[in-house]
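Asker: If you scroll down you'll find the structure; I have some questions about it.
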Amino acid sequence: MLDYLHFSDEQKARMVDHLMQAQQAGQPARKHRRPLRRRVVAALAAAAVLTVGAGAAYTGLASDAFAAVFGTEETEIIDKIGYPVGVSDTDAGFTITADAIMGDKYSVNIIYTITADDGRELHADRMLAEDTLEFQRSGMGGSTWFADDTPGDNQVQYIMQYTVDDENGLRQGRATAEFTKLQEWNPETEQAEVIAEGKWKLRFDMRYEDIGTSVIDQPVAVQAEAGTAMLRAVYLSPLGFRITADYPEVNAQTQQEIDSFEMPESGREPQNTPYEKLTGLDIFLTLKDGTKLDLGTCMGSSCDLKTREIVLRDTFRDQVIPLDQMESITIENVTLPVSAD
């Protein structure tokens with residue numbers, strides 16, 4: 001594969017400059033907290049006409065690319081489950097490169113670098129982008145945000161982080177990310193201003209290694225606010241979790257709320273609904289060092305009022321947690337041990 005890699009003089013110079021800057025800095029990349037997290041729903045296509053982006057602009061390890069988001073503490077696990085991509089496209093004075101990808105059975109993380117070709121300074125805390133990710137399955141949600149591994153230069157990193165509803169998980173294969181607009185927030189006018197409109201289309205493989213584990217091998221009953229919930233599956237990986245459950249029994253108040261609930265004509269789910277009561281389980285992940293993480297506020301959850309089936313899923317946001325660092329996961333009144341085997 002290396003025999004087919006070719007780089008322009010400009011690409012070679014940029015790589016040398018990056019290495020020299022890292023050497024002069026003499027310190028590992030610092031972990032940056034995300035300034036903005038935008039919740040999105042991806043439109044996924046069963047089939048699409050896909051265009052290959054031009055050039056292999058990224059050649060490092062997956063952990064090098066994801067250092068802007070996850071830091072440099074878990075490089076070994078990131079390189080085990082992730083892969084470099086190295087596909088880019090240029091339009092309207094900007095180059096967008098898909099640097100690397102990693103995922104598990106139910107979620108995927110993709111990181112891009114956005115470069116201003118004229119050298120202008122880009123600010124991660126001001127940037128906005130319009131994008132879509134086309135893949136083979138429907139029912140996918142998550143978030144996107146910007147980070148910056150080298151503040152003050154002409155590049156920012158852009159992270160797509162999605163989880164899938166399908167109990168069979170994500171099937172790896174070809175995917176396309178398409179960007180149509182880049183914007184920057186102007187703090188003086190307090191408005192988002194378009195800095196580039198174009199068409200950046202990147203085609204790449206959804207390729208990574210799932211090392212997640214199932215925590216239970218048979219149903220487990222827990223007592224929740226809505227009634228008795230039966231856990232059917234509890235899945236954990238270094239990137240996130242997924243819990244499926246149903247309610248064989250709900251209390252009288254919850255049943256009354258379910259029977260009387262009507263979705264508004266707007267289609268927007270109001271607050272304080274039976275959906276929230278059924279999915280509002282207390283979930284905590286305890287690590288071996290004593291750290292306790294609250295996982296109860298899930299970015300992705302679904303509920304069927306007729307069958308009273310629920311799915312709770314989310315990533316660990318800007319953390320990667322090896323399984324061998326996890327002690328247990330507590331769901332309401334039940335604590336389940338986590339095994340890395």
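Asker: At a 1.4 Å probe radius, which order do VAL108, VAL338 fall into by accessible area, largest first?
Answerer: VAL338, VAL108
Asker: Roughly how many nanometres apart are two label points built 7 Å out from the Cα toward the Cβ at ASP324 and ASP304?
Answerer: Inter-label distance under the simple model: 4.0 nm.
Asker: Go through segment 209-214 residue by residue and turn each phi into a ³J(HN,Hα) via Karplus (6.51, -1.76, 1.60, θ = phi - 60°); whole Hz please, and just put x for glycine and proline.
Answerer: Going residue by residue, I get 10, 8, 10, x, 9, 8 Hz, with x marking Gly and Pro.
Asker: Could you provide, to the nearest whole Å², the per residue accessible area of segment 118-177 with probe 1.4 Å?
Answerer: Per residue, segment 118-177 has an accessible area of 38 Å².
Asker: Largest first, what is the accessible-area ranking of GLU327, GLU178 with a 1.4 Å probe?
Answerer: GLU327, GLU178
Asker: To continue, here is another question. Within segment 82-126, what whole-number % of the accessible surface is contributed by carbon and sulfur, with the 1.4 Å probe and all protein chains included in the calculation?
Answerer: The computed percentage sits at 37.
Asker: Continuing with this model, one more query. Taking the Cβ of GLU193 as the center, what net charge do the other residues with Cβ under 12 Å away carry, scoring Lys and Arg +1 and Asp and Glu -1?
Answerer: Charge balance near GLU193 sits at -2.
Asker: Right, here's the next one. Net charge near GLY227: determine it from the other residues with C-beta under 12 Å of the C-beta of GLY227, scoring Lys and Arg +1 and Asp and Glu -1.
Answerer: -3
Asker: Leaving ligands, DNA and RNA out of it, report the carbon-plus-sulfur percent of the accessible area of segment 191-306 at a 1.4 Å probe.
Answerer: C and S fraction of accessible area: 40 percent.
Asker: If amide H atoms are built 1.01 Å from N in the plane of the peptide, which residues on other chains or at least 5 residues away come under 5 Å of the amide H of ILE216?
Answerer: Hits under the 5 Å cutoff: VAL234.
Asker: Work through the residues other than PHE241 whose Cβ is under 10 Å from its Cβ and net out their charges, Lys, Arg +1 and Asp, Glu -1.
Answerer: Around PHE241, the charge tally is 0.
Asker: Please list LEU305, LEU182 from largest to smallest accessible area, probe radius 1.4 Å, with all protein chains kept in place.
Answerer: LEU305, LEU182
Asker: Which of the trypsin sites (Lys or Arg not before Pro) found in segment 87-188 are in a DSSP loop and have at most 13 neighbouring Cβ atoms, other than their own, within 10 Å?
Answerer: ARG120, ARG171
The values are calculated or read from the model by the stated rules, or taken from the named source; none is laboratory data. Predicted, not measured: the structure shown is a model, and the values here were computed from it. All Cβ positions, even for glycine, are placed from backbone atoms using ideal geometry, and neighbour counts span all protein chains on display. To get the accessible areas, we keep the full protein, side chains included, count just its heavy atoms, and leave off ligands, DNA and RNA. Shrake-Rupley method; radii C 1.70, N 1.55, O 1.52, S 1.80 Å.
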